[in-house]
Ligand SMILES: Nc1ncnc2c1ncn2[C@@H]1O[C@H](COP(=O)(O)OP(=O)(O)OP(=O)(O)O)[C@@H](O)[C@H]1O
Ligand SMILES: [Mg+2]
């Protein structure tokens, strides 16, 4: 398979359209006939990453890069950044506002879920310069396991 790269925009604080980028990625992967279990894992990671950008981050993009061996999902935002990445990765840690908690978010489980559902996660962030979350998914695994 030749490589493919697609980028989707995510608007900060836009709770009405939040989720659209991850649905677009999900539809793309469905049209490419990816394994449904793999699509589900990628959709969970995409959705959690998208919601984090909307809730905690700034203007953002979601990029999906696919080659024959792997799919890489990158969510990059231009918000305030994550001051302590190790702390942010802890299950239950959240700085969500009361307003966001009333909408049902803020369990502090997004990043732990992204770690669990991807084959690798890397977070880069600098205070005031936003955050970049990159997740990798191996594509050969399902075939090899069969
Ligand atoms: N893009 C981001 N920019 C700034 N801070 C972030 C970003 N993503 C995550 N964080 C910080 O990391 C914390 C943990 O994120 P995580 O997704 O695990 O939980 P949450 O978003 O607070 O709640 P949940 O995802 O369960 O609704 C957030 O509360 C926030 O402080
Ligand atoms: Mg979250």
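Read-outs throughout are calculated quantities, based only on the coordinates presented, and are distinct from any laboratory measurement. On a predicted model such as this, the values are computed, not experimentally measured, just so you know. Positions of Cβ are generated from backbone atoms using ideal geometry, with glycine treated the same way; all protein chains shown enter the neighbour counts.
Numbers below:
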| item | result |
| --- | --- |
| Relative contact order of the chain, defined on C-alpha pairs under 8 angstrom at six or more residues apart (%) | 25 percent |
| Acute angle (nearest 10 degrees) that the helix 20-31 long axis makes with the longest principal axis of the chain, alpha-carbon atoms | 10 degrees |
| Folded to 0 to 90 degrees: helix 36-56 orientation relative to the chain principal axis, Cα | 20 degrees |
| Residue order, fewest to most surrounding Cβ atoms within 10 angstrom, among 138, 56 | 138, 56 |
| Sites residue 32 and residue 109 - FRET efficiency at Förster radius 35 Å, r taken between beta-carbons, to 0.05 | 0.75 |
| For 72, 25, order by how many other beta-carbon atoms lie within 10 Å, fewest first | 72, 25 |
| Largest-first principal axis extents of the Cα set of the chain (Å) | 45, 27, 27 |
